[in-house]
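The values are calculated or read from the model by the stated rules, or taken from the named source; none is laboratory data. Since the model is a prediction, treat every value here as computed from it, not as a measurement. Cβ sites come from the backbone with ideal geometry, for glycine too, and all protein chains shown count toward neighbours.
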Amino acid sequence: MSREFCVNHETMRKLVVEDLGMKSYKRKNVHHLNDSIRRKRLERCIQLKARFAPGTEDQILFSDEKLFTVEEASNRQNDVYLLLEVRISQIASSTLIESRSLFF
């Protein structure tokens, strides 16, 4: 951002962080879980636990299957948002914005 405005890096940092009181955040991908999916997962876990007798856990075979979805391409290193304050309730369920240091 300092290059765009032809300003010293430290001057831009002071303007954004100290004067405007903004903080840098970046997007973080999270699972798309809603209440019905959580309930279904809990039911399946209870069924799995009931299906296997105690002491037979070491005989369970797990696979590395994963559900893939088509998502927009983004570079987490470059996608930075300057915001005054972020509350979890304001963030879409598909993404979580985490704090990070923009200026070194």
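Answer with yes or no whether Ser36 is modelled with pLDDT of 80 or more and among the hydroxyl-bearing types (Ser, Thr, Tyr).
Taking the combined requirement at face value, the residue satisfies it.
Can you give me the number of residues within region 21-31 that are at pLDDT 75 or above and not charged (D, E, K, R)?
The total comes to 4.
Out of the residues in region 48-91 that are surrounded by 10 or more Cβ atoms within 10 Å (Cβ to Cβ) and at pLDDT below 70, state the one that is farthest from Glu18 (Cα to Cα).
So the residue we want is Ser74.
Looking at Ser24, Ser2, which one is within 23 Å of Tyr81 (Cβ to Cβ), of a type outside the set (A, V, I, L, M) and part of a loop (DSSP other than H, G, I, E, B)?
That would be Ser2, the only listed residue that is within 23 Å of Tyr81 (Cβ to Cβ), of a type outside the set (A, V, I, L, M) and part of a loop (DSSP other than H, G, I, E, B).
Give me the pairs: first residue in region 7-20 and surrounded by 10 or more Cβ atoms within 10 Å (Cβ to Cβ) and modelled with pLDDT of 80 or more, second residue hydrophobic (A, V, I, L, M, F, W, C) and outside any helix (DSSP H, G or I), beta-carbon distance under 6 Å, and six or more apart or on different chains, which are they?
Listed pairs, sorted by first residue: Met12/Met1; Arg13/Phe103; Val16/Met22.
Quick one: in region 27-56, of everything that is in a helix (DSSP H, G or I), over 20 Å from the mean Cα position of the chain (by Cα) and aliphatic (A, V, I, L, M), which residue is nearest to Asp79 (Cα to Cα)?
Leu42
Just to be sure, is Cys45 surrounded by 10 or more Cβ atoms within 10 Å (Cβ to Cβ), without any contact (Cβ under 8 Å) to a residue 60 or more places away in the chain, out of contact with any Lys or Arg (no Cβ under 8 Å at 6 or more places or on another chain) and not aliphatic (A, V, I, L, M)?
yes
Of the conditions (1) modelled with pLDDT of 70 or more; (2) closer than 30 Å to Leu15 by Cα, Cys45 clears all except one; give me its number.
(2)
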